[in-house]
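Taking it in order: structure first as structure tokens, then the write-up.
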Amino acid sequence: MIVVRGGRSLFGRVRAAGAKNAALPAIFASLLTSEPVELLHVPCLRDVETAVELVEALGKEVLWEGGRLVIREAGPLSPRAPEGLVRRMRASFLVLGPLVARLGEAQVPLPGGCAIGTRPVDLHLKGLSALGAELTVRGGWVHARAPRLQGRTVYLDYPSVGATEQLLLAGALADRETVVLNPAREPEVVDLSRLLSAMGAETHWEEDRVTVKGGRELSGASWEVIPDRIEAGTFLLAGAITGGKVRVEGVIPEHLGALLVKLGEAGVGVELGGDWVEVAAKGGLRGVNLETRPYPGFPTDLQPPMVSLLSLARGESLVTETVFEGRFGHVGELLRMGASIRRQGASLLIRGVEGLTGTRTLASDIRAGAALVLAGLVAQGTTYVEGTEHIHRGYENLTEKLRELGAWIWEEGRESSR
Ligand code: UD1
């Protein structure tokens with residue numbers, strides 16, 4: 001359980017960790033080659049532990065020292081992904097493409113993950129079957145077979161991050177070229193494409209498509225994971241909600257564009273340099289309207305902590321969630337802390353209140369947890385956030401980093417992670 005006592009403004013500097021959502025597909029990309037893959041700037045968090053356990057279970061051996069991972073092949077790879085690991089984290093489903101591309105067969109359970117909506121994998125399956133994989137779904141498992149995947153043009157009905165990554169991974173070992181039309185353009189997807197290029201599969205982005213050229217054996221690579229824009233955004237929001245001044249270093253400011261514009265509209269002072277962003281309170285917060293969208297739109301992963309901020313902004317805000325229909329687990333808890341939020345379908349009508357009050361809350365997913373911690377930083381009294389296992393899936397040392405910025409926050413009964 002995380003315990004936060006509200007009322008301290010945050011001041012200081014904090015360094016962004018490596019991006020969880022870039023590290024996970026990079027770890028799975030190691031399945032495409034028998035050579036070692038070295039990854040640097042890997043965040044130490046639960047989802048990365050799960051990804052490491054998964055590639056180990058599939059036949060890799062992993063050396064993990066600080067932020068450095070070295071992934072080597074320990075013996076023949078297994079085509080079957082263990083159910084427990086895939087159900088623990090949705091991104092694990094990304095092993096399907098690399099396994100079938102490399103081994104000609106794969107058995108992967110349908111994924112679990114955060115409770116933020118139904119999150120089907122139909123686009124992943126449609127795409128892989130377009131590349132020639134024969135797929136059957138039986139008893140909660142996907143069985144895939146393909147003596148050799150064939151590069152094709154695939155159109156995604158929606159620019160899904162996971163489906164684009166799945167097709168890049170599979171296409172990297174397929175014959176000829178795979179073209180994904182309407183791909184996701186999140187920085188983490190682009191990072192994966194660059195890693196695949198470094199491994200020998202040429203990738204190329206155009207306005208409406210990404211192309212990956214397969215057809216040859218891939219080599220190992222050494223790759224530095226990009227900074228985590230969502231973690232960085234969470235610290236910026238923490239600075240802004242507490243009326244403080246926080247600089248996040250080691251970021252790519254361009255990746256935070258939509259958030260920074262909305263913070264500016266909300267009355268927060270924003271400054272940026274080559275690899276840092278700073279927010280500073282400039283008086284009161286003002287309500288703003290926003291919609292979550294695929295990149296470069298406002299990221300759905302920052303919607304929950306942004307809602308915490310807008311709960312305290314003067315006037316009204318309208319927040320529409322277009323990416324995940326179920327991503328409102330934080331709303332009921334914020335209401336219990338005194339926020340005024342009315343849900344209308346996929347939208348939240350937020351009326352700013354003067355203050356929030358600490359209480360016992362439950363984090364239902366990673367970002368809902370971040371939203372509650374942020375609300376706790378400004379709430380009167382003490383806020384208890386349970387369900388911290390979700391927060392540890394996606395944040396490296398969140399409480400420690402916030403404490404360094406001056407927050408009064410600690411965690412009870414924290415087990416040490418690897
Ligand atoms: C990734 C991120 C997650 C982020 C999300 C959107 C990782 C590990 N996770 O999740 O943090 O919130 O992108 O930026 O990178 N969909 C389908 N069919 C599919 C695939 C997706 O309908 O086959 C739907 C989903 O249900 C969802 C929407 O598309 O409503 C977006 O999902 P997607 O972009 O695939 O997100 P993830 O890759 O799961």
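Relative contact order of the chain, taken over Cα pairs closer than 8 Å and 6 or more residues apart, is 21 percent.
With both residues required to sit in the chain, DSSP beta bridges show an antiparallel share near 70%.
Within straight-line reach of Lys60, meaning a Cα separation under 16 Å, sit the following aspartates and glutamates at least 8 residues removed in sequence or on another chain: Glu35, Glu38, Glu49, Glu73. Loop-only GluC sites (Glu not before Pro) in region 302-343, please: DSSP not H, G, I, E or B, and at most 14 other Cβ atoms within 10 Å. Taking region 302-343 and a limit of 14 other Cβ atoms within 10 Å, the loop GluC sites (Glu not before Pro) found are Glu325.
Using R0 = 51 Å, the C-beta based FRET efficiency linking Asp175 and Thr322 works out to 0.90.
Computed from the Cβ-Cβ distance with R0 of 45 Å, the FRET efficiency linking Arg194 to Asn289 stands at 0.85.
For region 108-214, GluC sites (Glu not before Pro) are listed when DSSP marks them as loop and at most 15 other Cβ atoms sit within 10 Å of their Cβ; the list is Glu207. Helix screen, the chain: DSSP H segments with Cα axial length of 18 Å or more and mean Kyte-Doolittle hydropathy at least 0.0 are 366-378.
Cα-Cα over 28 Å: which of Lys20/Lys282; Lys20/Lys262; Lys262/Lys401; Lys213/Lys262? Pairs exceeding 28 Å: Lys20/Lys282; Lys213/Lys262. Each of Tyr395, Tyr155 was scored by other Cβ atoms within 10 Å of its Cβ. Arranged with the fewest first, they read Tyr155, Tyr395.
Of the beta bridges in region 20-224, as assigned by DSSP with both residues counted there, near 75 percent are antiparallel. Cβ crowding within 10 Å, taken as a proxy for footprinting-reagent exposure, orders Val288, Val353 from fewest neighbours to most as Val353, Val288. Cβ-to-Cβ counts within 10 Å put Ser340, Ser160 in ascending order as Ser340, Ser160, the fewest first. Counted over region 298-418, the DSSP beta bridges are approximately 70% antiparallel. Normalised by the number of residues in region 20-224, the average gap of Cα pairs under 8 Å and 6 or more apart makes the relative contact order 21 percent. The helix-based estimate of mean residue ellipticity at 222 nm for the chain, built from -39,500 (n - 2.57) per DSSP H run of four or more residues and divided by its residue count, is -9000 deg cm²/dmol to the nearest 500.
Since every read-out is calculated from the coordinates, none of them should be taken as a lab result. Given the structure is predicted, the values throughout are model-derived calculations rather than measurements. For neighbour counting, all protein chains shown are included, and Cβ atoms are generated from backbone atoms with ideal geometry for every residue, glycine included.
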